[in-house]
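Notes follow the structure.
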């Protein structure tokens, strides 16, 4: 399984904080996102945003980054700390 | 009269902290320096240095700056505060 | 002293400065940044903030940013504190301190850490304003600042 | 609070910071620099300094530098303190603090003030070292730093 986390306004928009996804057949973040959008077509306006930041196991990565079972994945709006 | 001040290592090198100079016939800092060097030829290695900073009435100026009777002139080594 | 702290409680700038220079006579230069909740942001009247973060990744990303700063400049010591949770108007949000033998290195390291923190560390601000709550939008100018380095 | 102080006595960084932000919720960003007597300078072992200045011109030149910073950046408040006289190893020499609504402005103003102070304000350091006293030489890198602005 892959743990997927959503933060800040993205979490509010999806009405969801985290989901567990079966890793089978999912090779990278792009495929993970496609899988989530298949199950939740109404997430497209939010999860489809190019501006989102992506992390795998708490490190920022790009959309082509490999994901494996056991990974912690995060979809995040652009950060606004400091 | 023009009051002339010397600071830091320049003061140590000249062995002099301040002198009063008759302003007559002295139009600018270059002429003031020439006048001082005429009276003290041994000051040339120190007062002749191009790196010296010059101030008239406590404002940094260039060698062609006009001087008048009553002015306070300073010859200073490059500053090293902070 | 840990280099990184993510915490709800406030911090004492004087005490942080004292700890950073304590017993270190090689660091001739110390630079500090403090960010606070300000009254106006993009024309909105702000009365407070809620700061959300990604626990675990926050500390990891700050440590990574500090490490990059140390690789770029001759830094003696660094301290980064970022608060999370509810913050009122005027309260302190973030502290970055860097010491170095060299003034330029201390300035660059502190500004680099802030620029990277602003664009890479997983914190999000939700503003309380006179017309309700809203998530703060990221700024292009922050991206541009981070791309300088 | 005066913006400029030239003094023999030490200063308290925490108190200076508190005064700079007191009652001002528009200044979201505060940047501070502290310069101290460091143990090594150009390979020499330093045990102390004597700081000479040009009384009157010192204050005037610092005020002029602060004025230039205010014309370049949206600064809320500025504070510059420079000590003179005898200073021991590790003691504080100079404090520059600047607050602004904007982070980049506060960083730039503080660094600009330091760069200009280093090349235009009439202070001179005489070092006490293990091999005697000597006047510190000005650095080309300080001139280059000041020419950036």
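Looking across D:31, D:66, one residue alone is in contact (Cβ under 8 Å) with a residue 12 or more places away in the chain, more than 14 Å from chain C (Cβ to nearest Cβ) and surrounded by 20 or more Cβ atoms within 10 Å (Cβ to Cβ). It is D:66. Only one of the numbered conditions (1) under 25 Å from residue C:141 (Cα atoms); (2) surrounded by fewer than 18 Cβ atoms within 10 Å (Cβ to Cβ); (3) in contact with a helix residue (DSSP H, G or I) (Cβ under 9 Å, 6 or more places away or on another chain) is not met by residue D:139, and that is (1). Number of residues in the range B:18-59 that are out of contact with any strand residue (DSSP E or B) (no Cβ under 7 Å at 6 or more places or on another chain), at negative phi and surrounded by fewer than 16 Cβ atoms within 10 Å (Cβ to Cβ): the value is 18.
Taking residue A:70, is it within 11 Å of chain C (Cβ to nearest Cβ), closer than 30 Å to residue C:4 by Cα and not in a strand (DSSP E or B)?
Working: within 11 Å of chain C (Cβ to nearest Cβ): no; closer than 30 Å to residue C:4 by Cα: yes; not in a strand (DSSP E or B): yes.
So residue A:70 fails the test.
Could you list, in sequence order, all residues of the range A:19-30 that are more than 10 Å from the chain's Cα centre (by Cα) and within 23 Å of residue A:8 (Cα to Cα)?
Correct list: A:20, A:21.
The set of residues from the range C:35-61 being within 14 Å of chain D (Cβ to nearest Cβ) and assigned to a loop (DSSP other than H, G, I, E, B) comprises C:37, C:38, C:39, C:42, C:43. If you go through the range A:60-82 and pick out every residue that is exposed (fewer than 14 other Cβ atoms within 10 Å of the Cβ) and more than 19 Å from residue C:116 (Cα to Cα), you end up with 6. Of the residues D:93, D:75, D:4, the single one that is touching a helix residue (DSSP H, G or I) at 6+ places or on another chain (Cβ under 7 Å), at negative phi and crowded, with 21+ Cβ neighbours inside 10 Å is D:75. Of all residues in the range A:50-82, count the ones that are under 11 Å from the mean Cα position of the chain (by Cα) and closer than 30 Å to residue C:85 by Cβ. Number satisfying all stated conditions: 11.
Is it true that some residue in the range C:12-24 is more than 22 Å from residue D:105 (Cβ to Cβ), in contact with a strand residue (DSSP E or B) (Cβ under 8 Å, 6 or more places away or on another chain) and modelled with pLDDT under 95? Yes, the conditions are met somewhere in the range C:12-24. Looking across the range D:79-90 at every residue that is away from chain B (no Cβ under 14 Å) and either under 20 Å from residue C:17 (Cα atoms) or touching a helix residue (DSSP H, G or I) at 6+ places or on another chain (Cβ under 7 Å) (or both), the one that is surrounded by the most Cβ atoms within 10 Å (Cβ to Cβ) is identified as D:79. Please work out if residue A:63 is modelled with pLDDT of 95 or more and not in a helix (DSSP H, G or I). Answer is yes for this residue. For residue C:15, the conditions (1) closer than 17 Å to residue C:110 by Cα; (2) part of a helix (DSSP H, G or I) are fulfilled apart from (1). Looking for something within 10 Å of another protein chain (Cβ to nearest Cβ) and part of a strand (DSSP E or B) - is there at least one such residue anywhere in the range B:15-34? Looking for residues that are within 10 Å of another protein chain (Cβ to nearest Cβ) and part of a strand (DSSP E or B), one finds none in the range B:15-34, hence no. Filtered by the rule that a residue be closer than 14 Å to residue D:131 by Cα and surrounded by 19 or more Cβ atoms within 10 Å (Cβ to Cβ), the range D:34-52 gives D:46, D:49. Can you spot a residue in the range B:37-47 that is within 14 Å of chain D (Cβ to nearest Cβ) and farther than 17 Å from residue D:122 by Cα? Yes, the range B:37-47 has at least one match. Summed over the range C:97-130, residues that are more than 9 Å from chain A (Cβ to nearest Cβ) and buried (at least 24 other Cβ atoms within 10 Å of the Cβ) total 10.
The values are calculated or read from the model by the stated rules, or taken from the named source; none is laboratory data. Bear in mind that the values here come from a model prediction, so they are computed numbers and not experimental data. Neighbour counts are summed over all protein chains in view; Cβ atoms, including those assigned to glycine, are modelled from backbone coordinates with ideal geometry.
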